[in-house]
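Data block below; observations after.
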Amino acid sequence: MGVPDIPLAPTHEVRLERRARFLLPACSCGWIGTARLAAASAREEARDHALLYAGLDVDPGQIAESASDDGEFSEGDAGDPAGRAPGE
C-alpha cells in the first residue's frame, strides 16, 4: 500500500498591482482583493490574505508593488478596477 498523492497547497505570495490610481492586492494563488486608493489599506488586505491562508505574517512594508503594462485599464475592465462586469 503506497502513500496517496496529496496535491500541494498553492503558494501565497502577495503583491500589489497598480491600475491607474488604484492598487489591487493580489496573490500567486489567484486571489485578487478589492481595488483601493490607499496603499496602506491594500497592503493590509494583502497581509491579511497571507496570514489567513498561508499562516505567513508578512510585513506590509515588504509587499511588492507592480504596475500594469500601461498603467491604465484595458477595454474589458468596463471601468471597474477589479475587472468585474457590471452587475456582478
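Just so you know, all these numbers are worked out from the coordinates, no wet-lab data involved. Just so you know, these numbers come straight off a predicted model, no measurement behind them. Please note: Cβ atoms are built from the backbone with ideal geometry, for glycine as well, and neighbour counts cover all protein chains shown.
Ranked by the mean number of other Cβ atoms within 10 Å of their residues, highest first, the peptides 60-67, 36-43, 23-30 fall in the order 23-30, 36-43, 60-67.
Put a plus charge on the Cβ of each Lys and Arg, a minus charge on the Cβ of each Asp and Glu, and nothing anywhere else: the dipole of the range 14-67 about its Cα centre is then about 280 debye.
I want the antiparallel fraction of DSSP beta bridges within the range 14-67, as a percent rounded to 5. The antiparallel proportion sits near 65 percent. Among rounded, prolate and oblate, which fits the range 14-67 when a ≥ b ≥ c are the square roots of the eigenvalues of its C-alpha gyration tensor, a/c under 1.5 means rounded, and a/b larger than b/c means prolate? Prolate shape, in that a/c is at least 1.5 and a/b is the bigger ratio.
Taking other C-beta atoms within 10 Å as the exposure proxy, Val58, Val14 rank Val58, Val14 from fewest upward. In plain terms, the chain from Ala38 to Arg18 could stretch by 6.1 nm, reckoned as 0.36 nm per residue minus the Cα-Cα distance.
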